[in-house]
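The structure under discussion appears below in the form of structure tokens.
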Amino acid sequence: MNDTLSAAASSGRPLLKVEHLTMRFGGLVAIDDVSFEARNREITAIIGPNGAGKTTVFNCLTGFYKPTVGRLALTHPKGEYLLERMEGYRIAQVASVARTFQNIRLFPKMTVLENLIVAQHNKLMRASGFSVLGLLGFKRYSRAEQDAVELARYWLDHINLTHLADTDAGNLPYGDQRRLEIARAMCTEPVLLCLDEPAAGLNPRESHALNELLIYIRDKHDIGVLLIEHDMSVVMEISDHIIVLDYGRKISDGTPEAVRSDPAVIRAYLGEEEDEELPAEVVADLSPEMQP
């Protein structure tokens, strides 16, 4: 990256800048002129009622959809990337954006450790000269293999699954599978981690463990986290910045405290007209029917 971009990346310039994002499916406008920013070492949550367009935003950022209109600029020390112009696989491999999904997508018949090793497949293939150097026993590939195992074990330690490293991933409890999926995404060494409803289906103990993991990632790793979440107690507890969507449009953008008391957010969730602060217990206990 040139000196100008290097200076910009380290001077408070946002990691991700979304400008005028619009996504149309025929006559349906799923996302309507949405702009927002996400920063390094911050958790940015995207919330909103059902059908607000949150997952569509993720699909545009990660290459599943090509936006009808919009600029999606990702800037970090490796370079500046316009995600709307990139193929999905290049967004992951070159721009270093990792994603999890609403439904768990682990390899259930692979062990926990193997799931974390396979996440590093591209790096290992490059180190092996696409198998040639590995077959010839070059030390570079052996070092890369060792590094991959060490990184996997690092994340196993931080999700408290080291003792289950040789267990098939499909046999783990649901909450452990959720954390393993996030650890697998982190093994790709992303600069932006996009999590689509990571707390879905978790009990309070599992949600607490998830919160601790996401706070650890935010505080100890030089990346940004973009989060879609149903559980408002998770959102309000760990988010630094919240964007609220409703019918594909942005209706609020700010800190958890500002969003909680925003009349537009209260109306979108509860259909109320009163300009009152949304009580914390209501935010924490919004039913799934009222959730994104």
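The values are calculated or read from the model by the stated rules, or taken from the named source; none is laboratory data. Bear in mind the structure is a predicted one, so any value in this text is a computation, not a measurement. Every residue, glycine as well, gets a Cβ built from its backbone with ideal geometry; the counts of neighbours run over all protein chains shown.
Do we find a residue being more than 22 Å from G79 (Cβ to Cβ) and not in a helix (DSSP H, G or I) anywhere in region 219-228? Yes - at least one qualifying residue is present in region 219-228.
For residues in region 77-107 being assigned to a loop (DSSP other than H, G, I, E, B) and closer than 28 Å to P173 by Cβ, which is farthest from the chain's Cα centre (by Cα)? Of everything passing the filter in region 77-107, F107 is farthest from the chain's Cα centre (by Cα).
Per-residue answers, yes or no, for (1) part of a loop (DSSP other than H, G, I, E, B); (2) touching a helix residue (DSSP H, G or I) at 6+ places or on another chain (Cβ under 7 Å); (3) within 18 Å of E19 (Cβ to Cβ); (4) at pLDDT 95 or above:
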| site | (1), (2), (3), (4) |
| --- | --- |
| S35 | no, no, yes, yes |
| P49 | yes, yes, no, no |
| Y65 | yes, yes, yes, yes |
| T75 | no, yes, yes, yes |
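Residue-by-condition table, conditions (1) in the same structural domain as R24 (by TED's automatic domain parsing); (2) free of Cβ contacts under 8 Å to residues at least 60 places away in the same chain; (3) buried (at least 17 other Cβ atoms within 10 Å of the Cβ); (4) of a type outside the set (V, I, T):
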site: L161; (1), (2), (3), (4): no, yes, yes, yes
site: A169; (1), (2), (3), (4): no, no, yes, yes
site: A183; (1), (2), (3), (4): no, no, yes, yes
site: A200; (1), (2), (3), (4): yes, no, yes, yes
site: E237; (1), (2), (3), (4): yes, yes, no, yes
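If the condition is being more than 10 Å from L116 (Cα to Cα) and not hydroxyl-bearing (S, T, Y), then region 166-181 contributes D166, D168, A169, G170, N171, L172, P173, G175, D176, Q177, R178, R179. Between I251, I215, I223, the distinction of being modelled with pLDDT of 90 or more, more than 25 Å from L21 (Cβ to Cβ), out of contact with any Ser or Thr (no Cβ under 8 Å at 6 or more places or on another chain) and among the β-branched types (V, I, T) belongs to I215 only.
If only residues of region 52-66 that are within 11 Å of the chain's Cα centre (by Cα) and not polar (S, T, N, Q) are counted, the one that is surrounded by the fewest Cβ atoms within 10 Å (Cβ to Cβ) is F58. Scanning region 184-210 for residues that are in a helix (DSSP H, G or I) and either touching a Pro at 6+ places or on another chain (Cβ under 9 Å) or under 22 Å from G53 (Cβ atoms) (or both) returns E206, L210. The residue pairs whose first member lies in region 60-89 and is in the same structural domain as M23 (by TED's automatic domain parsing) and under 23 Å from E189 (Cβ atoms), whose second member is polar (S, T, N, Q) and in a helix (DSSP H, G or I), and whose beta carbons are closer than 9 Å, counting only pairs six or more residues apart or on different chains, are P77/S6.
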